[in-house]
1. Which numbered condition in (1) closer than 16 Å to Gly284 by Cα; (2) touching a residue at least 40 places away in the same chain (Cβ under 8 Å); (3) among the charged types (D, E, K, R) is the only one that Lys331 fails?
2. Taking the stated definitions as given, is Lys429 assigned by TED's automatic domain parsing to the domain that holds Met460 and outside any helix (DSSP H, G or I)?
3. Scan the range 268-291 for residues that are within 26 Å of the chain's Cα centre (by Cα) and surrounded by fewer than 21 Cβ atoms within 10 Å (Cβ to Cβ) and jot them down.
4. Between Val452, Val462, Val484, Val448, which is part of a strand (DSSP E or B) and free of Cβ contacts under 8 Å to residues at least 40 places away in the same chain?
5. When the range 412-467 is examined, which residues are found to be of a type in the set (Gly, Ala, Ser), modelled with pLDDT under 90, surrounded by fewer than 20 Cβ atoms within 10 Å (Cβ to Cβ) and under 17 Å from Thr478 (Cβ atoms)?
6. Within the bounds of the range 386-401, is there any residue that is small (Gly, Ala, Ser) and either in contact with a Leu (Cβ under 9 Å, 6 or more places away or on another chain) or outside any helix (DSSP H, G or I) (or both)?
7. Return a yes/no flag: does the range 256-268 have any residue that is outside any loop (DSSP other than H, G, I, E, B), without any contact (Cβ under 8 Å) to a residue 24 or more places away in the chain and not assigned by TED's automatic domain parsing to the domain that holds Val389.
8. How do the helices (runs of 4 or more DSSP H) wholly within the range 292-364 filter down when requiring 2 or more residues that are farther than 30 Å from Asn506 by Cβ and modelled with pLDDT of 90 or more: which remain?
Amino acid sequence: MRKSIMAYSGLLVASLFLLGLNIGFLLFILLIPLSRGEAVEGDRLAACLSLSLTEVVFVFLSAFFLHRRLVLGRKREFLLGRFGEANDILLESEMAKAFDRLKGEGKQKRFAVALNILGPDSQMLSSFQDEVRRKTLRFVYNCLKVNFPLDPIGINESNEFLLAHLDEDMEGFSAELRRFASGLSDYFSHSGAIPFATILFGLSQKGAEEGKAGVAAFEEAEYALRHNSKARLSGDVLPFSHDLIDQDASIHWLDQDLAGAINRGEFIVYYQGKVDLKTGSFYGAEALIRWKHPHRGILPPSVFVPYCESSGKIVEIDHFVFKSVCKTLSKWKEDPALCRLIVSVNLSRRTVYDPDLLPFLAKTTAEYGVDPSQMEIELTESLAAENLVFISSVIRKIKAMGFKTSIDDFGIGYSSLSALKSIPYDVLKIDKTFIDDIEIGGKSKAMVSSIVSLVHALGMKVIAERAESMSQVAILSTLGVDAVQGYYFSRPVDRARFEVLINEDNRRKKEEKAKKKESAKEAKA
């Protein structure tokens, strides 16, 4: 197609050049005789005019065919997916037509969808080799045409697919998109084309009363895809809302202030104790990140972690926490009250998928002389459900290095039982949603009891998170829960205060033990 466009362009330029020569020659044969007062020869004039008219026809035809070729070429790009060049304008036109057509059929809601494909480590598709990128785009385009045959489909300059869809049911359409993403991810994974591909959707909804709004709808869908700071898993449908614009303003200061925050010593690790319900003593802690912002004070993870996860900065933070814990455990070796504590560290999705994770864990523990058995690696249930085969492989390798492993937030994911069956965890942490109303009894209490029985049968320990009252702790103990983590025993505190907490707890236990011995002696006497 490009060769034909070049040919037509060359023909047009040549025709214009010849037309210019003929016009110059025509002026020459007219002006010379007139300047001498002579008559113009009719034959010459007729021949020159005829030739000029012929050149005008050539110019017109060349321009016509060139224009037609360009239009057909763009149409072909749109219909057949000749990827590599953006075709937003044509798509917007087709989208407006589709909106008008389907609006006449009584459809009141229309959705603009932006679809993006990310490779391992959130690698953008535009960074792939040209041949791989084109094959991938063409394959996805064909899949979209099969699954959404009535919807206009295009691609923008960022290699994101754009799709216009009309429907009444946003939930149903979102579920349809998630099923499409699941099938696409499975294909990429099994074929080896893009291991661990992440398929994301940005979604904008427009009502019939909002006019055509085609361009605005796509801009909103693309905005939702690129600026939604939530932790994003394959198949996520990210809807546009005006809150995202406010969120984007906060992201601006986050991005600026996070740069160099670790080197400036602004991040600190807090520790929240875990209590063994049989002994009533602290046996470990969970490491939790805090940001000591110079102007905004102590910031909890909810403020900055979602953005760090979406931007990739979370890997650096995970590494910082792990190193800090190793440094702390190395220091605690000399303290008899602290040397046996087990500390758990959370790993984010990006860190787990980082190919350098295992070498980093081995190198850091060796550097600080830390026994891996004193550390517990926590992964969320939703992460495990995303790719059971891969996560199971990673967990087995981590366990082989000597680390303990745990599944966090159990009970809120999509594949709890599959995760337990496939992944060899040591510890299961029941999500707080089961603990909040456990005092009322009913379903939550029955479910916790069932979970404890199942997990114990599988050879794992059970921890309950967010226990905040004495009655909750008592019920959990009755149900057979092994340990508790929550504000009832300890809120997250910095290392110095945590060390004081543990030493005071040990001193109190020793005093209680001494009193019992003394009471026993008095009873014998």
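The values are calculated or read from the model by the stated rules, or taken from the named source; none is laboratory data. No experiment lies behind these values; they were computed from the predicted model shown. All Cβ positions, even for glycine, are placed from backbone atoms using ideal geometry, and neighbour counts span all protein chains on display.
1. Every condition holds for Lys331 apart from (2).
2. So Lys429 fits the description; yes.
3. Here is the first cut: in the range 268-291, the residues within 26 Å of the chain's Cα centre (by Cα) are 268-269, 286-291.
If the condition is that a residue be within 26 Å of the chain's Cα centre (by Cα) and surrounded by fewer than 21 Cβ atoms within 10 Å (Cβ to Cβ), then Ile268, Leu288, Arg290 are the ones that fit.
4. Working: Val452 fails: part of a strand (DSSP E or B); Val484 fails: free of Cβ contacts under 8 Å to residues at least 40 places away in the same chain; Val448 fails: part of a strand (DSSP E or B).
Of Val452, Val462, Val484, Val448, the one residue that is part of a strand (DSSP E or B) and free of Cβ contacts under 8 Å to residues at least 40 places away in the same chain is Val462.
5. Gly441, Gly442, Ser444, listed by residue number.
6. Checked the range 386-401: no residue is small (Gly, Ala, Ser) and either in contact with a Leu (Cβ under 9 Å, 6 or more places away or on another chain) or outside any helix (DSSP H, G or I) (or both).
7. Yes, there is a match, as at least one residue in the range 256-268 is outside any loop (DSSP other than H, G, I, E, B), without any contact (Cβ under 8 Å) to a residue 24 or more places away in the chain and not assigned by TED's automatic domain parsing to the domain that holds Val389.
8. The helices (runs of 4 or more DSSP H) meeting that bar are 314-332, 349-352.
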